[in-house]
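No lab work stands behind these numbers, since they all come straight from the coordinates. No experiment lies behind these values; they were computed from the predicted model shown. Methodologically, a virtual Cβ is constructed for each residue, glycine included, from the backbone with ideal geometry; neighbour enumeration extends over all protein chains shown.
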Amino acid sequence: MDLMGNQGDSSSSMYGYTALEASPFGIMTAATTATAAATSPTVVGLGGSGTNEPSPTRPVSALPSRYENQKRRDWNTFSQYLRNHRPPLPMTLCSAAHVLEFLRYLDQFGKTKVHNHNCPYFGIPNPPAPCPCPLRQAWGSLDALVGRLRAAYEEHGGRPENNPFGARAVRLYLREVRDYQAKARGVSYEKKRKKPPPKQK
């Protein structure tokens with residue numbers, strides 16, 4: 001996955017991020033990387049405050065999975081994004097529009113070449129030469145990120161019916177990204193159906 005690259009300094013400073021680093025499983029910033037290492041037990045809730053109390057749903061002795069670690073980092077990064085918003089935005093007022101704004105913001109750190117309609121390599125999976133088309137976030141990366149944030153929102157006290165990550169507008173956006181990238185890159189995101197085993201005579 002390619003949720004963060006190493007470009008876009010002007011936009012990153014606009015949101016208070018001093019630097020960004022790549023992560024194969026999600027999004028991180030240099031600031032949040034240091035923060036997560038120093039305050040790994042801290043959990044940011046919907047009220048925006050942290051607590052050093054261990055999560056009641058997970059035994060203290062149990063090591064969190066890679067998925068749980070990434071979900072925590074994604075949540076803390078999105079919370080930081082909202083705090084750096086102008087004006088700062090509490091999680092309780094976050095809407096689908098803010099989620100879409102965040103996803104579009106991440107595009108500048110993408111590593112996936114997405115060809116424009118007028119590019120001669122539009123629809124070609126392996127172009128023979130470079131082109132000036134932009135790098136974007138891959139659909140699969142965004143889809144996985146939204147899934148983790150959707151789960152984290154409810155784990156931190158959010159109601160499912162108010163979950164901005166599960167809003168229809170977000171689902172439609174992800175579908176549009178998937179369809180366009182499939183055409184532009186000449187790839188298919190359709191899940192292959194398993195063929196039923198042959199019937200024994």
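Couplings 3J(HN,Hα) for segment 116-122, derived from phi with the Karplus relation 6.51 cos²θ - 1.76 cosθ + 1.60 (θ = phi - 60°), are 6, 4, 8, 7, x, 9, 4 Hz, where x marks Gly and Pro.
Each residue of segment 157-167 was assigned a 3J(HN,Hα) from its phi angle through the Karplus expression (A = 6.51, B = -1.76, C = 1.60, θ = phi - 60°), giving x, x, 7, x, 5, 9, 5, x, 6, x, 5 Hz with x at Gly and Pro. Which stretch or stretches of segment 147-188 have amide N atoms under 19 Å from the point lying 7 Å from ILE124's Cα along the Cα→Cβ direction? Taking a point 7 Å out along Cα→Cβ of ILE124, the residues of segment 147-188 whose backbone N falls under 19 Å are 181-188. If you take all other residues with their beta carbon under 13 Å from the beta carbon of LEU89, and give Lys and Arg +1 and Asp and Glu -1, the sum is +1. A cut-off of 5 Å between modelled amide H atoms, ignoring neighbours fewer than 5 places along the same chain, links LYS113 with ARG136.
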